[in-house]
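**Student:** Got a structure for you, written out below as structure tokens; questions coming shortly.
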Amino acid sequence: PPATRTRAEVREELGLDEGRPLVVAIGRLHPQKGYDVLLDAVARWEADDRLTTPPLVAIAGDGPLQAELAERIRAARLPVLLLGRRDDVADLLGAADLCVLPSRWEGSPFTAQEALRAGTPLVSTRAGGLPELLGDGAALVPVADAGALADAVVRVLTDPGHAVELAEAGRRQALTWPDEE
């Protein structure tokens, strides 16, 4: 379904200052999803001079790694919010500057499909069927490579032209997928 709230409303709910980038990740808090690698990437881009304002990362989902991830975020003081289970994924994608999918393995995840259809730039691993599903509609990085993930995110956030190209390529790729008809 389409977003029901504006970008500004969602960003205000998350406590984002004007101009601070928002990176969203959506999925079950499970080892498959690679959130440990995402947290490693966050620590890397926090120290990256190319980012004048480091992004806030909002992870929507729940699962068995919730307590472990929360403790790691707290201990390292990472700018990451664990949002829990959400039913407003379209709103989050509409408010985001990019979506990240750091998975270790995947088939055909809804998150990637929703991001491309929403026109939200996507940075994803090359896990499983993702390269075929996403084509050139996402920036693809190796699985479990926090450095490559951080670099790809920083590039999207610091190169507006690249972000627009990814968003447009994502929408074009989504048009190639089967629909209800």
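**Student:** Which one is surrounded by the most Cβ atoms within 10 Å (Cβ to Cβ) among residues in segment 23-53 that are among the aliphatic types (A, V, I, L, M) and part of a loop (DSSP other than H, G, I, E, B)?
**Tutor:** L29
**Student:** Something else about it: Only one residue in D62, D91, D40 is at pLDDT 95 or above, in contact with a helix residue (DSSP H, G or I) (Cβ under 6 Å, 6 or more places away or on another chain) and farther than 22 Å from L140 by Cα, so which one is that? Walk me through it before giving the result.
**Tutor:** Working: D62 fails: in contact with a helix residue (DSSP H, G or I) (Cβ under 6 Å, 6 or more places away or on another chain); D40 fails: farther than 22 Å from L140 by Cα.
Unique residue meeting the criteria: D91.
**Student:** Continuing with this model, one more query. Just to be sure I understand, how many residues within segment 133-161 are closer than 17 Å to W45 by Cβ, assigned to a helix (DSSP H, G or I) and either among the hydroxyl-bearing types (S, T, Y) or open to solvent by less than 30 Å² (accessible area, probe 1.4 Å) (or both)?
**Tutor:** Number satisfying all stated conditions: 10.
**Student:** A follow-up question, please. Looking at (1) under 18 Å from Q32 (Cα atoms); (2) assigned to a helix (DSSP H, G or I), can you tell me which one V164 breaks?
**Tutor:** (1)
**Student:** Out of (1) over 12 Å from P102 (Cβ atoms); (2) open to solvent by 10 Å² or more (accessible area, probe 1.4 Å); (3) under 17 Å from the mean Cα position of the chain (by Cα), what's the single condition that is false for L65?
**Tutor:** Against the list (1) over 12 Å from P102 (Cβ atoms); (2) open to solvent by 10 Å² or more (accessible area, probe 1.4 Å); (3) under 17 Å from the mean Cα position of the chain (by Cα), L65 comes up short only on (3).
**Student:** Please tell me if R171 is among the charged types (D, E, K, R) and within 14 Å of the chain's Cα centre (by Cα). Give the derivation first.
**Tutor:** On the way: among the charged types (D, E, K, R): yes; within 14 Å of the chain's Cα centre (by Cα): no.
So R171 does not fit the description; no.
**Student:** Could you grab me the full set of residues in segment 94-131 that are in a helix (DSSP H, G or I) and either at pLDDT 95 or above or buried (at least 17 other Cβ atoms within 10 Å of the Cβ) (or both)? Walk me through how you get there before you give the answer.
**Tutor:** Kept after step one, since they are in a helix (DSSP H, G or I), are these residues of segment 94-131: 94-95, 110-118, 130-131.
Residues satisfying the conditions are G94, A95, T111, A112, Q113, E114, A115, L116, R117, A118, L130, P131.
**Student:** Let me spell it out: the conditions are (1) out of contact with any Asp or Glu (no Cβ under 9 Å at 6 or more places or on another chain); (2) among the charged types (D, E, K, R); (3) part of a loop (DSSP other than H, G, I, E, B); (4) in contact (Cβ under 8 Å) with a residue 24 or more places away in the chain, and D87 meets all of them except one. Which number is the exception?
**Tutor:** (4) is the only condition that D87 fails.
The values are calculated or read from the model by the stated rules, or taken from the named source; none is laboratory data. It should be emphasised that the depicted structure is a prediction, and the values quoted were computed from it without experimental measurement. Positions of Cβ are backbone-derived with ideal geometry, glycine not excepted, and every protein chain shown enters the neighbour counts. For the accessible areas, the whole protein counts, side chains as well, though only heavy atoms, and no ligand, DNA or RNA atoms are used. Shrake-Rupley method; radii C 1.70, N 1.55, O 1.52, S 1.80 Å.
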